[in-house]
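Since the structure comes first, as structure tokens, the remarks are kept for the end.
The values are calculated or read from the model by the stated rules, or taken from the named source; none is laboratory data. Small disclaimer: the values here were computed from a predicted structure and weren't measured. When we count neighbours, we look across all protein chains shown, and the Cβ atoms used for this are built from the backbone with ideal geometry, even at glycine.
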Amino acid sequence: MPRRASVFEIVGAWLHVWTPPRGVEIPPVPWRKLALWSGVGVVVLGIALAVMIPRINHGKARHAAEENAFFAGAAARNHARIVHEQQPRTGADAALKPASGASAAEQQAARSQLLTKVEGSIFADALARGRAGVKHALGNIAVRRIFFAHAIALVCAAMISPIEVIWAKEVIGGGNSAYGIVLSAWGAGTLVTGLILVGFWRRLPVVTRIPLAAGTMGVGYVVMTLATSLPVGALGCFIGGLGNGFYFVSVVQAIQERTDDEYQGRVMGLLESTTAGGYGVGFLLAAAITELFSVRVTFAATAVGVILATILMATLLRRTPAAVTADAPSSAKALAAEPY
């Protein structure tokens, strides 16, 4: 009679670190449930970080303000003591001594007021800087279009990430090594276009490279959707990697060229937040589609979504104002600043 395996035996068999003996039943790996809960976990983790990081930073700023105020007060008291000791002693010193207790209380009250002001100013300054960065990014029509097109494309492209291992093992049937092979093919495509971008593709306008890269990834997703064998699946990954090799770097370049120097860090932070949010939404969509239909349907939805996003990109970015360098003529700057 077969024996039911323990939790440790099941996990060991799934990880291929333990071979079950005869008579021990090992259930199959629940890939769909793992994909669903991984998507939920990513979203929950993102929300938790979004809530906790400002609180942690606020606490650090408060602690630093208290330390600065404490040492500033100590330095002021030490300086006053030295000056007082260096002054010639007169009969007026005796009259000043009774006021020393009141002076200490006043110093303590002033220190508390200073801490409150510093704490409030640090928080208000951080909040104002964040709002200014978002306003600067969304106030520029070119940057706003790039952000919107990137978010749509990324949500669609991210859907294959949590289920790609299922696709490699169950759809194209390549065995345990299939996932490593398709990842290597994707990386090889990324490396090829990364090298080409250094020498040739950087001559293309950056707003032309963005939809070109997304469209190349879309073609790769179509091949991956139709693949029934490991070689065809690896070819699709290689094509997708070709587009991936110059997509994100083109998005970053397009945004940085159209952002003032003082807002570069804040706008790049907003881009990273948008990217992380897009991944979370894409993971949830992938889990839902895979649970309701199949892995191949999820890949088809990814391919169609990326192709439609490419068309949207080409439409939005076709009339995107060009970036103007600091040494450009004033007439060119005025022309680039005109909204479309």
Phe246 versus (1) touching a Phe, Trp or Tyr at 6+ places or on another chain (Cβ under 8 Å); (2) modelled with pLDDT of 95 or more: which is the lone unmet condition? (2)
Which residue pairs have Cβ atoms under 9 Å apart, sit 6 or more places apart or on different chains, and have a first residue in the range 205-230 that is more than 24 Å from Gln253 (Cα to Cα) and a second that is assigned to a helix (DSSP H, G or I) and acidic (Asp, Glu)? Met224/Glu164
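Mind checking whether some residue in the range 254-271 is more than 21 Å from the chain's Cα centre (by Cα) and surrounded by fewer than 18 Cβ atoms within 10 Å (Cβ to Cβ)?
no
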